[in-house]
Amino acid sequence: MLKSRLFPTVLIELFFCYHWAMKFIVLGCGSAVPHAKRSSSAYWLETASGTILLDFSAAAIHRMAQENLDWVNLDAIWISHFHLDHIGGLAPFLFGTRNAPETANRTKPLKIFGPQGLEKLIKSFDEANDYKLFKQPFPLEIREVGPLEEFEILPETNAAVMKTPHTGESLAIHIRDREGKTLVYTSDTGFTKALGAFARNVDLFVMECSFFKDKPIEKHLELAEAMFLTRYANPKRAMLTHFYAEWDIVDFAEAVKKFTPPCVVFEAQDGVRLEI
Ligand SMILES: [Zn+2]
Ligand SMILES: [Zn+2]
């Protein structure tokens, strides 16, 4: 009798353990430049306490729907910086949720986190044509965060951010879910060893690698730098993303192998799904 009572409980626990593994889905692994296979920056992160969209390109609105993701109930949005390939979809999304039948009955808040200046930017866009983006069926909360700040991005899911050498406001984010799984998303960044320390031993290190080699600008990474940071951080797994078209002719696996990385290094592709 005792056995038959316990057995279903164990099964349910196993189901939830499996079901609530953190899931990471690449919506867009390209740059701001139009590309046939790589749309601009957006990543869907599903945790035990809810969902977060990491950056919000213009393409992300429809990419979420294409991937059958529950955008109606999205809990939080992280904006890493204000380049339009990372925020260009936010105002159009709010314009959509304002009018969509799918969100008409939503009551839980949507929280938007990002660097200082985020609220002013959204308001400027809103006021440019009186879009009424802040008049949603549900509460909208905007929270600006500064370098080295720690905050709860979802219930029992903590985030910390680090300044990156890319734009004045750009931030990398470290997320730890309630089960202790960790992820770092650098977004766009130039090289700094501090990123390796910030991502030390994380379960998934998602790093930009805009260029293959001989990068034309300092404010992005190329492969040798990304591989240095991977070695320095020693994550369980790494993923490179934010590719410019020069990557189209590179054999990614061969190129990465030459650096003998300390872990598996995935090439981001739109639609790739990982469990963390
Ligand atoms: Zn970018
Ligand atoms: Zn950028």
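The values are calculated or read from the model by the stated rules, or taken from the named source; none is laboratory data. Fair warning: this is a prediction, and the values are worked out from it, not measured in the lab. Positions of Cβ are generated from backbone atoms using ideal geometry, with glycine treated the same way; all protein chains shown enter the neighbour counts. For accessibility, only protein heavy atoms count, side chains too; no ligands or nucleic acids. Shrake-Rupley method; radii C 1.70, N 1.55, O 1.52, S 1.80 Å.
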In order over the range 50-66: 3J(HN,Hα) from phi, Karplus 6.51/-1.76/1.60, θ = phi - 60°, whole Hz, x for each Gly or Pro, gives x, 10, 10, 9, 8, 6, 9, 5, 4, 5, 4, 3, 7, 5, 4, 5, 4
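Of all the C-alpha pairs in the chain, what % are more than 32 Å from each other? Don't jump to the answer; show the numbers that get you there.
Numbers: 8905 of 37950 pairs.
Everything past 32 Å amounts to 23 percent.
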Please report the net charge: other residues with Cβ closer than 15 Å to the Cβ of Val250, K and R +1, D and E -1. -1
Cross-link candidates for Lys193: which lysines have Cα within less than 29 Å, leaving aside residues fewer than 8 places away along the same chain? Lys23, Lys163, Lys181, Lys213, Lys215, Lys219, Lys236, Lys257, Lys258
Residue by residue through the range 26-42, the couplings from Karplus 6.51 cos²θ - 1.76 cosθ + 1.60 with θ = phi - 60°, in Hz, x for Gly and Pro, are 7, 8, x, 10, x, 10, 6, 7, x, 8, 5, 10, 10, 8, 6, 4, 5
Sequence of Trp71, Trp44 from largest to smallest accessible area, 1.4 Å probe: Trp71, Trp44
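Just to confirm a number: summing +1 for Lys and Arg and -1 for Asp and Glu over residues other than Lys236 whose beta-carbon lies under 15 angstrom from that of Lys236, what do you get? Mind showing how you got there, number by number?
On the way: positive: Arg176, Lys181, Arg200, Arg231, Arg237; negative: Asp177, Glu179, Asp203, Glu275.
Cβ neighbours under 15 Å give a net charge of +1.
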What ranking, highest mean first, results for peptides 158-169, 241-252, 176-187 when packing means the other Cβ atoms within 10 Å averaged over each residue? 176-187, 158-169, 241-252
What number comes out for accessible area per residue over the chain if the probe is 1.4 Å? Units Å², please. 47 Å²
Under 5 Å, built H, 5+ apart or other chain: amide partners of Thr51: Asp75, Ala76
Summarise the accessible area of the chain (1.4 Å probe, protein heavy atoms) by the percent that is carbon and sulfur. 58 percent
Long-range HN-HN contacts of Gly28 with modeled amide H, under 5 Å: Ala42
Under the Karplus curve 6.51 cos²θ - 1.76 cosθ + 1.60, θ = phi - 60°, whole-Hz ³J(HN,Hα) for the range 262-276, x wherever Gly or Pro sits: x, 8, 5, 10, 8, 8, 5, 9, 4, x, 5, 10, 10, 9, 10
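Just add up the charged neighbours of Asn73: K/R +1, D/E -1, any other residue whose Cβ is under 10 Å from the Cβ of Asn73.
Numbers: positive: Arg106, Lys108; negative: Asp70, Asp75, Glu102.
Charge balance in the 10 Å sphere: -1.
Once you sort the root eigenvalues of the Cα gyration tensor of the range 49-202 as a ≥ b ≥ c, which label holds: rounded (a/c under 1.5), prolate (a/b larger than b/c) or oblate (the other case)? Intermediate results must be reported in sequence, preceding the final value.
On the way: a/c = 1.92, a/b = 1.44, b/c = 1.34.
It comes out prolate by the Cα gyration axes.
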